[in-house]
């Protein structure tokens, strides 16, 4: 086995800074009567503010330093979010409070191209989430944790080399040694090797058997059973903003951190998200909930493009303190058929993404698709439908042949787009149809010759609709006017003539 430990030494500060694009002095304060600095960012360290310094001294060094009160519950949530993101690398994950996540990665090394490439992808992914970790690799979870917490970002695959390096680590890293550190230091014990150099019976009697057991587990001499992280069915992520934000576009930086987490979770599930909810948590108002309808996707840029358009038209009732992201609907991604020579224009995904961006920018009801209907009456042979529904989103091939347009402001003056066009009237066995129908048939009277129209072909009888109150009986012809325009004409049962459409 090969365990990877991700240790986040600045986790108390990262939960606040990962949502902020600005670099300004910031610290995390302990919750006590005499608070001190728990963590400080680089800008604060340049001013001499370091962990362990009192908050009063930190303010004396920089009166404008941003102070966050430590939130251990939020730190736990971030560790769980990291574990959610990490399921794309391995299903064997364990959280080690207060600042470590352990991954067993030996089973996926060949799939990810080897250990070096896997570590590069993990490191770049953590950076995209606004997190910095010390990463260590070892044959046991205990050894990996000790190396990472010691700040030794190393890869140790050989057990003999691992044992040698472990014995050089300080004994202060052991959880079971925290209550006896002064006593150990008094007898000259400072490393794990120093502990093992003493008689085991004497160490067990004086310092407890747990001290030896912890070392033995790290060396592989005892089993090290870890509680495994249970992956939920849906993704839920939250990020706290360092200060309230009153512009929706300013939320994109923090939202991207959550979308990266979501993408990793979906990769681990082999799924995509089709409905995504984004909640904006306000100071003194109910959260603003934004629902995004998507094709079944896990692409970061795709989700961000749709969210960006949606936030651009959102009016915030109050300043935003936090962002929550939740996957309302996920589904397995449909496997794409592979071609040795890919056909041009076969991939419908860019078109689907364009539709989603238009809907996010213009509104859910502003963009529609036209679909054919089983009705012989030309004015009822088509209809509007949603541009994308959940079934088509996960199966792009189901949406072939549909046309998309924006609804005009004056719907009574629009023309209907039919599914067939007639470029040649004589050679096609299918009855010709015009590209454009008039909003309503235009009467011509009882004689088309009086309107200087010449009949070219016909008739085609359409007689239907007696069962629903919309009965029609028409004989359709193709005619031509003096300007050479081809028209679609019909004669009703009363002998009256009408123009119903125009050919291109």
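Being at pLDDT below 90 and over 17 Å from residue 19 (Cα atoms) is the requirement here; does residue 294 meet it?
The answer is yes for residue 294.
Going by the structure shown, is residue 287 surrounded by fewer than 21 Cβ atoms within 10 Å (Cβ to Cβ), more than 13 Å from the chain's Cα centre (by Cα) and either at pLDDT below 90 or within 30 Å of residue 41 (Cα to Cα) (or both)?
Here the answer is no, as residue 287 does not meet what is asked.
Return only the number of the condition from (1) under 30 Å from residue 267 (Cβ atoms); (2) modelled with pLDDT of 90 or more; (3) in contact with a strand residue (DSSP E or B) (Cβ under 8 Å, 6 or more places away or on another chain) that residue 230 does not satisfy.
(3)
Does residue 445 satisfy being surrounded by fewer than 18 Cβ atoms within 10 Å (Cβ to Cβ), in contact with a strand residue (DSSP E or B) (Cβ under 8 Å, 6 or more places away or on another chain) and more than 28 Å from residue 372 (Cβ to Cβ)?
When the stated conditions are applied, residue 445 passes them.
When you look at residue 217, is it within 42 Å of the chain's Cα centre (by Cα) and surrounded by 12 or more Cβ atoms within 10 Å (Cβ to Cβ), yes or no?
Answer is yes for this residue.
Take the stretch 468-491 and flag every residue that is closer than 13 Å to residue 377 by Cα and surrounded by fewer than 18 Cβ atoms within 10 Å (Cβ to Cβ).
Selection gives 468, 469, 470, 471, 472, 473, 475.
Does residue 118 satisfy the criteria of being surrounded by 19 or more Cβ atoms within 10 Å (Cβ to Cβ), without any contact (Cβ under 8 Å) to a residue 60 or more places away in the chain and in a helix (DSSP H, G or I)? Can you show your working first?
Details: surrounded by 19 or more Cβ atoms within 10 Å (Cβ to Cβ): yes; without any contact (Cβ under 8 Å) to a residue 60 or more places away in the chain: yes; in a helix (DSSP H, G or I): yes.
Yes; evaluated as a whole, the condition is true for this residue.
Taking only the stretch 92-115 into account, find how many residues are part of a loop (DSSP other than H, G, I, E, B) and without any contact (Cβ under 8 Å) to a residue 24 or more places away in the chain. Walk me through it before giving the result.
Applying the first criterion (part of a loop (DSSP other than H, G, I, E, B)) to the stretch 92-115 yields 92, 97-99, 105, 109-114.
Now drop any that are not without any contact (Cβ under 8 Å) to a residue 24 or more places away in the chain, which leaves 97, 110-114.
Looking only at that region, the number is 6.
Go through (1) part of a helix (DSSP H, G or I); (2) over 30 Å from residue 68 (Cα atoms) and name the single condition residue 226 misses.
Just one mismatch for residue 226, condition (1).
Being touching a helix residue (DSSP H, G or I) at 6+ places or on another chain (Cβ under 6 Å), modelled with pLDDT of 85 or more, outside the structural domain of residue 375 (by TED's automatic domain parsing) and not in a loop (DSSP other than H, G, I, E, B), is that true of even one residue in the stretch 462-475?
For the stretch 462-475, residues touching a helix residue (DSSP H, G or I) at 6+ places or on another chain (Cβ under 6 Å), modelled with pLDDT of 85 or more, outside the structural domain of residue 375 (by TED's automatic domain parsing) and not in a loop (DSSP other than H, G, I, E, B): absent.
The values are calculated or read from the model by the stated rules, or taken from the named source; none is laboratory data. Every value quoted in this text rests on a predicted model; they were computed, and no experiment measured them. Please note: Cβ atoms are built from the backbone with ideal geometry, for glycine as well, and neighbour counts cover all protein chains shown.
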